[in-house]
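What follows is a short report on a single structure.
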Amino acid sequence: MKKKGGRILWLVYLDSSIPRSRGRILPQSQSVNRPTLQEVAQALERLGYRYQTFPDKKYPALWFEEKLQGYVVVETEEEIRAVAAKVAEEIKKQRR
């Protein structure tokens, strides 16, 4: 999904505790357990992407889940799955 010249990256897309039927787009092996908006922002900075964060927004299918609140608009023309995979890998490195 595009927004203002970028791609929307919801926290749900990266979360290994969320099933694919609820919104996760990465395979379980590439996903991260409960990523935070700060971790995603730090990973995007390290990867050299320009982005904007929206911390108060909730993923529509999981509107009741407070911990997965927020998304990032990444200014890129890459597919969101490719960006999500890079971000998840960077978060894994950061957590080690």
_Suppose the filter is in contact with a Phe, Trp or Tyr (Cβ under 6 Å, 6 or more places away or on another chain), part of a helix (DSSP H, G or I), of a type in the set (A, V, I, L, M, F, W, C) and touching a residue at least 12 places away in the same chain (Cβ under 8 Å); does Val12 pass it?_
yes
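Conditions tested, residue by residue: (1) basic (Lys, Arg); (2) under 12 Å from the mean Cα position of the chain (by Cα); (3) more than 13 Å from Trp10 (Cβ to Cβ).
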site: Leu37; (1), (2), (3): no, yes, no
site: Gln42; (1), (2), (3): no, yes, yes
site: Glu45; (1), (2), (3): no, no, yes
site: Tyr59; (1), (2), (3): no, yes, no
site: Trp63; (1), (2), (3): no, no, no
site: Leu68; (1), (2), (3): no, yes, no
site: Tyr71; (1), (2), (3): no, yes, no
*Only one of (1) touching a Gly at 6+ places or on another chain (Cβ under 8 Å); (2) of a type outside the set (Phe, Trp, Tyr); (3) crowded, with 18+ Cβ neighbours inside 10 Å fails for Pro55. Which number is that?*
(3)
*Return only the number of the condition from (1) under 12 Å from the mean Cα position of the chain (by Cα); (2) loosely packed, with under 13 Cβ neighbours inside 10 Å; (3) touching a residue at least 24 places away in the same chain (Cβ under 8 Å) that Glu78 does not satisfy.*
(1)
_Among the candidates Tyr51, Tyr71, residue that is among the hydroxyl-bearing types (Ser, Thr, Tyr), touching a helix residue (DSSP H, G or I) at 6+ places or on another chain (Cβ under 8 Å) and within 15 Å of Gly23 (Cβ to Cβ)_ = Tyr71
*Count - residues of region 3-36 that are in contact with a strand residue (DSSP E or B) (Cβ under 6 Å, 6 or more places away or on another chain), surrounded by fewer than 22 Cβ atoms within 10 Å (Cβ to Cβ) and aliphatic (A, V, I, L, M)*: 1
_If a residue must be among the β-branched types (Val, Ile, Thr) and in contact with a Leu (Cβ under 6 Å, 6 or more places away or on another chain), how many such residues does region 24-52 contain?_
1
*Conditions (1) free of Cβ contacts under 8 Å to residues at least 24 places away in the same chain; (2) surrounded by 14 or more Cβ atoms within 10 Å (Cβ to Cβ): number failed by Trp63*: (2)
*What is the number of the single condition among (1) in a loop (DSSP other than H, G, I, E, B); (2) at pLDDT 95 or above that Gln69 does not meet?*
(2)
*Specify which of the listed residues (Arg24, Arg20) is within 13 Å of Ala84 (Cα to Cα) and free of Cβ contacts under 8 Å to residues at least 40 places away in the same chain.*
Arg24
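The values are calculated or read from the model by the stated rules, or taken from the named source; none is laboratory data. Here the structure is a predicted model, which is why all the values come from computation and not from measurement. FYI the Cβ positions are ideal-geometry reconstructions off the backbone, even for glycines, and counts take in every protein chain you see.
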